[in-house]
Structures are given as C-alpha cells and as structure tokens.
1. Take every Cα pair under 8 Å in the stretch B:3-77 that's 6+ residues apart, average their separations, divide by the length, and report that relative contact order as a whole percent.
2. Between A:Leu633 and A:Ser229, what's the calculated FRET efficiency when r is the beta-carbon distance and R0 is 56 Å? Round to 0.05.
3. Say each of A:Tyr587 and B:Lys117 gets a label point 7 Å from the Cα, pointing the same way as Cα to Cβ; how far apart are those two points in nm?
4. Want the number for A:Thr119 to A:Lys413: 0.36 nm per residue separation, take away the alpha-carbon distance, what's left?
5. So which trypsin sites (Lys or Arg not before Pro) in the stretch A:564-604 are both in a DSSP loop and have at most 12 other Cβ atoms within 10 Å of their Cβ?
6. For chain A, what does -39500 (n - 2.57) per DSSP helix run (n ≥ 4), summed and divided by total residues, give at 222 nm, in deg cm²/dmol to the nearest 500?
7. Shielding by partners for B:73-81, please: the mean number of other protein chain Cβ atoms within 10 Å of each residue's Cβ.
8. Working out 0.36 nm times the residue gap between A:Arg555 and A:Ala543, then minus their Cα-Cα distance, what length gain in nm do you get to one decimal?
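The values are calculated or read from the model by the stated rules, or taken from the named source; none is laboratory data. Treat the numbers as computed from the prediction; the structure is a model and nothing was measured. Don't worry about glycine lacking a Cβ; one is built from the backbone with ideal geometry, like all the others, and counts go over all protein chains shown. For accessibility, only protein heavy atoms count, side chains too; no ligands or nucleic acids. Shrake-Rupley method; radii C 1.70, N 1.55, O 1.52, S 1.80 Å.
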Amino acid sequence: MADGTPSNRDAIRGGVHRPQAHDSAHKHVAGEALYIDDLPEPAGLVHLYLGLADRAHARIVSVDLAKVRAARGVVAVFTAADVPGVNDISSTGLHDEPIFATDRIDYHGQPIFAVAARTRAQARRAAKLGVIQYDELAPITDIAAARAAKAPLVTEPLTLARGDIESAMKGAPRRLKGSMTIGGQDHFYLEGQIALAVPGEDRDVTIYSSTQHPSEVQHMVSHALGVPSHAVTIECRRMGGGFGGKETQANLFAAAAAIAAKKLNRAVKLRPDRDDDMIITGKRHDFVVDYEIGFDDDGRIHAVDAVYAARCGFSADLSGPVTDRALFHADNCYFYPAVRLRSEPLKTTTCSNTAFRGFGGPQGMIGAERFIEEIAFATAKDPVDIRKLNFYGVAERNVTPYHQTIEDNIIAKVMEEIERRSDFRARQAAIRAFNRDSKILKRGIALTPVKFGISFTATWFNQAGALVHIYTDGSVHLNHGGTEMGQGLYVKVAQVVADAFQIDIDKVKITATTTGKVPNTSATAASSGTDLNGMAALAACDAIKARLVDFAAERWSVPKDQIAFLPNRLRVGNQEISFPEIVKAAYMARVSLSATGFYKTPKIHWDRKKGIGRPFYYFAYGAAACEVLIDTLTGEYKVERADIVHDVGHSLNPAIDRGQIEGGFIQGMGWLTTEELWWDDKGRLRTHAPSTYKIPVASDRPTIFNVAILEGVKNSEPAIHRSKAVGEPPFMLANSVFFALSDAIASLADHRFCPRLDSPATPERVLFAVERMRALAAGQEAA
Amino acid sequence: MPTLSMTVNGKPVSGEAEGRTLLVQFLRETLRLTGTHVGCDTSQCGACLVHIDGKAVKSCTTLALACAGASITTIEGLARDGKLHPMQEAFRENHGLQCGFCTPGMIMSAIDMVNRKGTDLDEQTIRHELEGNICRCTGYHNIVKSIAAGAAAMGKEGLRQAAE
C-alpha cells in the first residue's frame, strides 16, 4: 500500500534474504483472505454438481437422467453430448480422459453427467438420481492385478542405463534381490477443488479456478468449449493448498463449470464436497520397486537393476513425468557404477494418479534408501557407513544414471552438520543400550540424506513471464505466472521486486495470477516457482530500471554510473530524488513505466529416448536424523526426535523456507506412516474422508524437532539471488522416520535381518514386521 | 422458511434458514462472513470452527436453527477497533500460517483452549488440544508456537484490562 507509511532510508522493508511475513498473513488471521468460494456470487448464479459412476470398470448400457431433470431446483443437465468442443481434458493430449464418460467407466467415481440447480444442496441431491445401467467388468485396482491382467501402460516407459549392467551384476561379489511396496497419498488440500465460471460477451468466459496451472486450465476449457484460448481467462489469487493436486486436477471442474456457464449464460459454481473430491481426483502414485543389487563385502555398490511399477489409474495424466522422476531419484545421493532403471506405468481402473509434492521423486528415493539398508544388513555394517561409502564423489564417481555430472555436491558438508547437530553416534549407542534392557518398548534411529534435482524434466516448461507496472505515484503492480498455494511464492517474488527497485515491499501490490496478464505459463510445480518467476520479475524490473537510469542521466546530465537505486530514492549525481518523484518526472517525459520480463533456465537439456542429458539446473540437498519409539505389543509408535539440516542456498526468505522444510517433513512423514489409501474388492476407494484417512495432526509432530537451514552456502548456479528451490526437497527428509522404525524393528533380532518394511508403516504393518522379526530371531523363518 | 435471529460478533442479526441449513452456510452465505471455511464437510478438519455462547463448535455440522438466540463469534469478530486479537497477532508474528485456509479455525480453537485451560499453555497441551484441527501444509511447528505466544499475550492483556 502506497498509503503514506514513512519510507525507510537506511534499508527497505521486505528486501531479499529477510524473514518477511507471508504477504497475506494479516488477511489470513483476520479471515479476510478471499478463496474462490468466498467471492461475492454474481446475480443468478447456479450451482453445478457431478453425477458419478458407482462401478469401477464397466460398459455403460444406458443412462436415464429423467429423475435428475425433474428434481427440485434443477435448471439443466449436461452430458458428453452437451460438450460443444472436445470431450477431453487429457493434459498429455492422449485423449484418454473424458470430461463425461460416454460408453465406458474406468474408475469408481468417474463423472457421467453434471446437474445445475438453484442451490448447491439441490444440485447435490439431484446428482444422486441418475439411473445408469452397467455391464460390469472386473476391476483392476492395484499393481499386482494390473500385471496379472497384462494391463496396458498408460504412457511410454523410460529406461535409464549406464555401464554394462549384466556383467557388473554378474561380477559383483555379492548380490541380492528384493521388492518394496510404497503407498500413495491423497493431497487433502484443505480448500477442495472449485471453479466459478462467469460468461462474458462473444465466446468469452472467465473462470476463477483453484489451480496451480492456469494456462493448462485455459487450454482445456478452450478445447472443451471449442473456442480460441483468447476467449478464456483463468484467474487464481490463492489456493488453500495444492501440493500437486491442483496441477491437472482442476481441469475437470473448470471445464464442466465453463460448459454450463456458456450454455446457461449464467455464472456457475462447482465445488464437490470432500468425499467426492477424494473419490474423483488423482493422488500420489503407489509403487512397487523390484530390485537386484550387486555389491561387495565392504558394502560398496557395483550394480543396481530395478523396475519401478506404478499404479497410474485409468489415464496417463502426469504419470509419464512422475514415473520418470522416480527414476531420476532412484540414485538419491549414491553412485551406481552400473545401473539399469526401468519404469512401468501401469493402467488400473482407479482414479488417475497425478502430481504430488516430489512428483515420483520420493518413491524413487526411498527405494535407494532400501537398497542401502539391504546392503547394511547383508554386510552387518551400519547403514550410515554404507551411505557414506556410496555417496557421489565430487571430482569422480559423480555421474548419474541419466549421464548428468553432479557439479554442486555438498552432501559431505550436510552429513557432517547433521551428525554433529543430532549427536547421532552417541545417541545410536544409547539407543542400542536402551533396547537391550527394554523388552516391550524399542527405540530406533536413522539418518537419511536427500538430493533433489531442480527443473522440470520437460525442458520447455522451464520458462516464465512477469508483468510489472509502476504507477505515477510510485506504487508498483506485480504480476507473474506463478500461483500461490501457501508456499510463499508471492511474497518471495515481491521481495525480489522491492529489492530491485529498492522500495519498501508495501509499495508493491501483488496481484492474482491470470492468463490475461502473463500468458503461456508453466504449472507452479517442480519447486520451480520462485526460481522461474523471481527471475522473470527481476528481468521486468531491470528493463524499467534501465529506462529510469537513461532518463535520469539525460535529464540531470550525469553519467549513468553516478546513478544508483538507494532505499526509496535514487542518487543522481550529487542529489537524491525520491522514487515517486523520479517516476513522476519520467512519466512527464513520456518514459514507459511498464515492462514484461521473461526467463528461461539455462544449461538444461534432456533426450528422453536416449536417457542422456542435463535435466537439472542444480540439486538441493538435505539430511534428517530421526528417533522413534515403538510398542512391540501394538505396533504403535512415536517420533521422539527429528533433527534436520537443509540446503536452500542463500535463502530469499528464511521464515518461509523454514515453514516449507517443517511442513514438507511432516507431510512426508504422513505419507510414510499413517496415510493409507484403501480400495475394496469392487475397486471403490474406501478412505475418502479424514475419518478413515489419517492425516498428521499437531500431536504427531516429533516431540523434539530441530530444524536448521544449512548456513554459509549459496547456489553455485546464478539462480535468483543464489537461493535454491525448497517446495519439494524437504518432503523426502521424512525417509528418516521410516528407517528409524525399521531400525527399531530390526533390534528385535539383533540387527541381523533387514525388516523390509513396506510403506505406509502403519501400526499394523509395524506390528506384522515385529512379529516377523521375532520369528526370525527364534529361527522359525528363513531370512 | 423460518426466520432465525441470533447475535453474531456482538450484533443482532436475522435471516431465513431452512431446517437443514447449516450454521456455516448461514454465516457464509446469508451473513457473508466468509472467514469461516469449509474444509472437510464432516466436522473433522476444524476450518469451520466458531464459538457458540463462548464454546468452540464446528459450524459445518451444526444446524443454523439450533443456534436461534445464541451468541456467535467468528474470526471476523475478534479484532477490536481495528486492532487484531492477541491470538491473531501471534499467528501473524510467528508465521503460524501457510495457505491460510485452516488459520481462522486454528485461531478460534486456540482462543477456546485458553478459555478452558488458561493462558499458561505448555506445548503438550496445545498439541493434544489441536486434535480437531488439521493443517495440511502441516505447519504445526509454528502454529503451536503461535498459540503459546498468543495465550501468554492474552494473559497480559487480561491483566492490563483488569488494571484499567
């Protein structure tokens, strides 16, 4: 707000590298921040609701919607026949994802029709009245069933290979094979999916959509309506959480609302209730990793050969890039001299799994930690020692399975820091001693590292645009292609702009993301939001600054190098002129005070067919040490302590980054511990509310929780102010919780056998593993 | 449709409500108090938490008509003369929010906690008492810190008011 607040002269308020509060903090605590459902409703608005299939796999024999049409308050009913353009919202262009099912049902909860009514309650009730006759087919719900049914792949698989895997495996002194099952995860963004479509003149429609990817929603809606992209405007000021669940999943709701809005010439709102949201939308992919590892008696890896099968659901959606990223992170911090990694993106008759924080990376990475654990047990060595032994080198042993040379390896520094801060070795010894004397309660401890590649692996997505205006009073309007979902992107980019102009951050107005201001944007995903949009905004500021400098040099006849941007003013030769005064003078001299900025990430390239390239601009690192206590009679457990050291380069905003680290860790912990998705034998998701799907609450947080940002580091690449991306990497710090549980379980048989725990490690799974370990200890079962 | 009267944020209000109208609908749609959010629709996430006659209640599973004559406080009713309530201020100061969707419910829950448990709240109590509020950004670390700070500030505020 350029509201007369006195301007600072020593340093600006809200510059870069400061713990600036979230830009909407005041509005959030006051209840004044507007989410889409909070916007005033245009007169005559009708509510839309989706009619869903109650079979997982079937041919549709007939659809009778007479009762729906006759229901109280109903204004109109829409089916595939009412889609003016293409009945498809597949983000891949594979045409495998209809808006409304026509002849076939591919998952339980698939939309068949939509009903518009005067109230939301009326629409919701009417949506239950469709009479659908099905010819039922057998559901294919999980990876095992898909393999058994020889189900097709939803997209082209990927192979990453380096070295001669066959001979390296054969030549390895020791070999072992295993398999790990990794569960999925529901996003449970607290604000559910929602779209508000407002028809305009001509073919125009504006949609307020809770989406991480306004440009894609725009394209999908334009295809569905059969109109050019210029007729469709998508706007999103903020989301109540996204986590990847609003990267493609907003398309359906926006397209259905837009179709109804144009047909009825009324504003249309579509907000599914929570259960329907969870049933309809895709989730994190579950994986099964089948692996063979070759290693030696020291525990050094010689070869890794692994297949990563994923439950993709009924359509491709983002399953291709998600399973790719699993492979890109199947090495984590470890050098595999010979390696072959293959993805198997399987089609199942379940919701179409999609992006979720980490985007396949967590599944790949936890597989790598399982390999390490296997080797540690096989060689009777400490897992931390095996980790260190296999770390990527700095000058050698530094090439990934995708042939990118790692140039910024700081994992040794991170490890040193975490071991010191967590007092790891001493506590490990103390825990071993505790376990010797404690019969029922057992403790476990683990330390796991993270290396996460930053950039979209689809190289063309690594571009961004921004739009910056300065008004004649010196206040600044900021817009860019990134979306705000709580991660603090908006405030970070505003800090960049404030710093560039050297004006207080309250002079910068952050405005809603809209396809009308910045076009052809990428999803706010892959942790890339600040890297891309911060640089684009900086480019826009630099363009305007150059014009202001040119103008001032000419007007006051001073060399350009004697002009400097000082806090809230410019020094022009020997005089100082306030920022608003310079701006006003520039306007009077007819200088343009508006600019677009554009950025594309340098250096990156990727040849997917060959599996060779540099898909990542840089890597973010981190490590966590976790201690757990398990009750071996019930399988229940507590995370007693977690220590984290995480690398964010030179942080743009340590307060926001810290929130991302803490939140990412806890959310990752939920994925690996309590969050279990369950489909029944009819292919119906039975965990579609927080009553049955257990999300971490405050009491699940580790009792002692020490989080540190790695200090004294900068991004070795010139990313925005030498900071690093932080959205996804901390999620995988939670691997330490999982392996601490495994460590506690292993103590029951003197750490002689690998517990081979599957995720999520629910109390039931822990209990089963405890019993298996007890049996092994008693020699009743072969290892 | 019956007409319903109650006191909301200190002001008498009335409006029409069906028998099945939920309190959260009445607040959001009839009174346009949209700071109270709907997260899970089934009284588990706590985004819809308000105070009814001084007690924390989840408004997404409370019938509006059942609140006839009651005194209701929502997130919009906490600030006084343009000054944030100490608990709101504490959430703002301590970065106790990310996407912000759970924040109003968290703050209403926190104030209720102080009302029941006093202003000297230890971490364990806060964590336990927050079982009915989900933050999916899982920013619990700062939320707990905010509540402890807000509770302490409410204590000081209370003393100050008593002194005046």
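1. Working: 148 pairs, mean separation 30.5, N = 75.
Across the stretch B:3-77, relative contact order equals 41 percent.
2. 0.40
3. 5.3
4. 99.9 nm
5. A:Arg590, A:Lys603
6. Details: 19 runs with 224 residues, N = 783.
Result for chain A: -9000 deg cm²/dmol, rounded to the nearest 500.
7. For peptide B:73-81, the averaged partner shielding equals 2.
8. My answer for the length gained is 2.5 nm.
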